[in-house]
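Okay, so here's the structure we're looking at.
The values are calculated or read from the model by the stated rules, or taken from the named source; none is laboratory data. Remember, predicted model here, so these are calculated numbers, not experimental data. Counting neighbours? That spans all protein chains shown, and the Cβs are built from the backbone with ideal geometry, glycine included.
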Amino acid sequence: MDLGADRFIAAEQHFTAAIAGWQSAGQHALAAQGCNYLGQIRRAQGNLDTTMNAYQELLRITALPAGGTSPVAGIGHVGIAEVAYQRGDLAAARRELQTGLPLCRQLSDTQVLATGLATLAWIRQAEGDPAGARQAMDEAERMGPSPAAAALLNPVPAQRARLAPAHGDIAAAARSRRHAQGPRCRTTCATMSPWLSERSVRSPCLRLEAGRRALAEWERENGPLTEAELAEGRARARSSLGRTSGDAAEPKSA
């Protein structure tokens with residue numbers, strides 16, 4: 001019995017019912033926020049198609065009469081951009097952010113703006129613009145909520161920790177990861193296994209040795225990974241590289 005999966009299913013069912021109730025009551029702002037949380041739940045399960053559906057529903061809910069656009073729609077555009085980025089469609093992700101980020105700047109809650117800026121940083125990194133990536137990630141960190149108020153809810157420090165090794169800054173990665181986790185916290189919004197995978201395959205400029213050093217630094221601070229975590233990380237890396245479990249060759253360091 002997978003208790004984690006059961007919790008996701010229960011949460012998805014709860015938000016699906018709540019969204020329908022809010023819409024029928026004319027509480028469109030609550031319904032839109034519910035779509036945002038529903039999208040996050042589905043993305044955490046790896047269901048990108050249904051995640052996209054949740055954010056598209058958010059855009060439908062926030063559409064204004066006469067073609068107007070609510071600032072809350074920015075949340076949907078940022079969510080769609082994250083899905084597009086995870087699918088490798090950088091052009092679509094950038095288009096969604098071009099629409100969504102100006103809308104998010106009008107919101108009092110800056111978390112989605114920070115998340116969108118972090119996604120923009122990864123797009124720029126993938127496009128070969130490390131300076132632009134650092135600039136976007138710096139702004140994401142400034143725009144995010146106070147660490148004291150939302151240390152475990154704000155994914156930006158973890159995103160910075162993931163980006164730093166791509167620029168050869170292992171010490172910064174370790175500092176950012178400690179900041180993201182907070183005291184006595186082993187995991188953040190992003191799990192270690194996807195992070196291990198991405199150290200190997202996120203960008204051609206990542207060196208295998210740098211990834212190993214970053215992993216060693218993380219384990220010194222947090223304790224060794226379990227066999228299950230290591231196995232999941234290796235599986236994700238193989239999948240991203242298009243390799244099977246029988247392929248033993250490792251990526252060559254540049």
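Listing for the model above:
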| read-out | value |
| --- | --- |
| Where MET137 falls short, out of the listed (1) touching a helix residue (DSSP H, G or I) at 6+ places or on another chain (Cβ under 9 Å); (2) farther than 15 Å from ALA81 by Cβ; (3) surrounded by fewer than 17 Cβ atoms within 10 Å (Cβ to Cβ) | (3) |
| Members of segment 78-120 found to be more than 22 Å from GLY46 (Cβ to Cβ) and not in a helix (DSSP H, G or I), listed by number | ARG105, GLN106, LEU107, SER108, ASP109, THR110 |
| Failed condition for GLN111, given (1) at positive phi; (2) of a type outside the set (A, V, I, L, M); (3) in contact (Cβ under 8 Å) with a residue 24 or more places away in the chain | (1) |
| Conditions (1) closer than 22 Å to ALA32 by Cβ; (2) among the polar types (S, T, N, Q); (3) not assigned by TED's automatic domain parsing to the domain that holds GLN13: number failed by SER70 | (3) |
| Condition met for VAL83 (in contact (Cβ under 8 Å) with a residue 60 or more places away in the chain and either closer than 21 Å to LEU30 by Cα or of a type in the set (A, V, I, L, M) (or both)) | no |
| Only listed residue being β-branched (Val, Ile, Thr), over 20 Å from ASN36 (Cα atoms) and either assigned to a helix (DSSP H, G or I) or modelled with pLDDT under 90 (or both), chosen from ILE123, ILE75 | ILE123 |
| Condition met for GLU57 (more than 25 Å from ALA136 (Cα to Cα), among the charged types (D, E, K, R) and in the same structural domain as ALA10 (by TED's automatic domain parsing)) | yes |
| Which numbered condition GLN98 misses (of (1) buried (at least 16 other Cβ atoms within 10 Å of the Cβ); (2) modelled with pLDDT of 90 or more) | (1) |
| Selection status of GLY132, over 20 Å from GLN56 (Cα atoms), touching a helix residue (DSSP H, G or I) at 6+ places or on another chain (Cβ under 8 Å), modelled with pLDDT of 90 or more and not assigned by TED's automatic domain parsing to the domain that holds VAL72 | yes |
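Condition check ((1) under 22 Å from ALA136 (Cβ atoms); (2) surrounded by fewer than 16 Cβ atoms within 10 Å (Cβ to Cβ)) across all residues:
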{"site": "THR16", "(1), (2)": "no, yes"}
{"site": "ASP49", "(1), (2)": "no, yes"}
{"site": "THR62", "(1), (2)": "no, no"}
{"site": "GLY79", "(1), (2)": "yes, no"}
{"site": "GLN106", "(1), (2)": "yes, yes"}
